[in-house]
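What follows is a single structure, written as C-alpha cells, with notes after it.
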Amino acid sequence: MGLSPVFTDPLWRIPVRLNPVEVALLRTEPLRRLHFVAHGGASTISTLQSYSRLEHTLGVLALVAHFRPEDELLRVAALVHDIGHLPLSHTFEGLSGLDHHAIGLQLLRADPIRPVLEEHGISARAVVAALGAQPPSPLTNRSNLLNLDHLDSYVRSGRAAGRLDADPAALLGRLRLKDAAVSADRETAASLVGLVCAEARLHTSWDNVGPVSVVRRLARRLLDSTDLAPAGLARLTDPQLWSALDACEATRVESAMIRYEPHRLKVTAGSAPGVPGDASGWDFSLRKIYSSEPLVDGQRIEVSAPELAAELDALRSLSTTFRVRWD
C-alpha cells in the first residue's frame, strides 16, 4: 500500500484498482494505524494469527470490489468499517465502556476522514448509514447471516491456522450474494460452517481465553495506575500498548510473563472458587461467540441444510466462563 493504485489481495487473489478516494483514505492515520493492530487480538501471542487489521480491511474491500465493483459507497464503507478498533482488536471491547463501533463512527465524522470524503463528494453521513443495520448490507448485515466482513475473517483465520482446505479463489467462485448475505452450494456451505465452528472453538480455547484474560487485566491495571485515559488507550497501536505496559511498574512483570511464558497459564472451563491464598486466579467471561450462517442455494440453512444448522447450534454448548490462573 505504497504508490501503486492496484493491489492484489493475497488471500482471495482479487486484483483491485483503487479509486482516488480509496487511495486518499489509505494514506490517513486511522487507516495506517490498522497496519499495527493484530486482527486476532491477544491470541496472536499464542497462535500464528499475526495478520493485521489492515490486511483484513483490504480483504473486505477486495470482496466488495468483486461482488459490487461499481458501488463506491460500499467500497468506502469497507475501507473504514474497522477504524475504531482498539489495540489488539476485540481484546479490550467493553473495558471502561469502550466500543469500537461507536469510536469508528466518531472518527468518520472528524478529521482527517471527513475532509477526505467531502473532497471526493462523499457524505460521511452516507457512509455511516452504509455501516448501519438498515437497510441490510452485504458488508455488515446484523441478521446472523454471513456477511462479507465475517467471510473474510473466517477464511483468513482458517488459512493462518492451517485448517483451510479449499483454495480461497476457487471457493469465492462458488459464492453469491442474495438479500445482502453470502450464499453457497451445499458442499461449499459445509466448508464455511466448518470454518465458523473452528473459529468459535478457537475463541473458547486456552489459546484465546488465557492471553485475552491476562491482557484485559493488565489494561485495567494500566488505567488505574497511570494518567492514561480510556480514550487514549483506545487509540494506541499494539506496539505502543506493549511499551506502555512495560513502562508501568504495576504491569511490567506480568506483561513479560504473558509474552514469554504463556505456557504457565492454566485455563479451566466454568467458574470455580479460587484456591485460598492464591491471588493469581481470576474468573473470565467471553462477551460473545461469533456464529454466522451462510445461505444454502439462496435459502436459510435451517431449511436447506438442517445438518449444518445443527453444527452451528451445537456451538451454544461451548463454555463462555472460565477460571484462569498462573501456574
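The values are calculated or read from the model by the stated rules, or taken from the named source; none is laboratory data. Computed from a prediction, not measured in an experiment: that's the story for all the values here. Reconstructed Cβ throughout: ideal geometry from the backbone, glycine too, with neighbour counts over all protein chains shown.
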Review point. Where residues in region 266-312 are exposed (fewer than 14 other Cβ atoms within 10 Å of the Cβ) and under 23 Å from the mean Cα position of the chain (by Cα), which of them is modelled with the highest pLDDT?
Key: Ser285
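Among the candidates Val193, Val253, Val212, Val182, which residue alone is more than 30 Å from Gln134 (Cβ to Cβ), in contact with a helix residue (DSSP H, G or I) (Cβ under 8 Å, 6 or more places away or on another chain) and either surrounded by 21 or more Cβ atoms within 10 Å (Cβ to Cβ) or not small (Gly, Ala, Ser) (or both)? Steps first, please.
Numbers: Val193 fails: more than 30 Å from Gln134 (Cβ to Cβ); Val253 fails: in contact with a helix residue (DSSP H, G or I) (Cβ under 8 Å, 6 or more places away or on another chain); Val182 fails: more than 30 Å from Gln134 (Cβ to Cβ).
Checking each option against the conditions leaves just Val212.
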Study note, to complete from the structure: The correct count of residues that are buried (at least 17 other Cβ atoms within 10 Å of the Cβ) and out of contact with any Ser or Thr (no Cβ under 9 Å at 6 or more places or on another chain) in region 1-25 is 8
**Study point:** Residue under evaluation Thr188, criteria (1) part of a helix (DSSP H, G or I); (2) buried (at least 21 other Cβ atoms within 10 Å of the Cβ), criterion not met
**Key:** (2)
**Study point:** Pair list, Cβ < 6 Å and 6+ apart or interchain, from region 38-63 residues that are at pLDDT below 95 to residues that are among the hydroxyl-bearing types (Ser, Thr, Tyr)
**Key:** Gln49/Ser43; Ser50/Thr44
Review point. Of all residues in region 122-144, which are closer than 19 Å to Leu61 by Cβ and more than 22 Å from the chain's Cα centre (by Cα)?
Key: Ile122, Ala124, Ala126
Check your understanding: Only one residue in Glu119, Glu93, Glu70 is free of Cβ contacts under 8 Å to residues at least 12 places away in the same chain, over 16 Å from Glu29 (Cα atoms) and among the acidic types (Asp, Glu). Which one?
Key -> Glu70
Review point. What number of residues within region 139-167 are more than 29 Å from Ala24 (Cβ to Cβ) and either in a helix (DSSP H, G or I) or β-branched (Val, Ile, Thr) (or both)?
Key: 5
Study note, to complete from the structure: Among (1) touching a residue at least 60 places away in the same chain (Cβ under 8 Å); (2) surrounded by 15 or more Cβ atoms within 10 Å (Cβ to Cβ); (3) not aliphatic (A, V, I, L, M), Thr226 falls short only on (1)
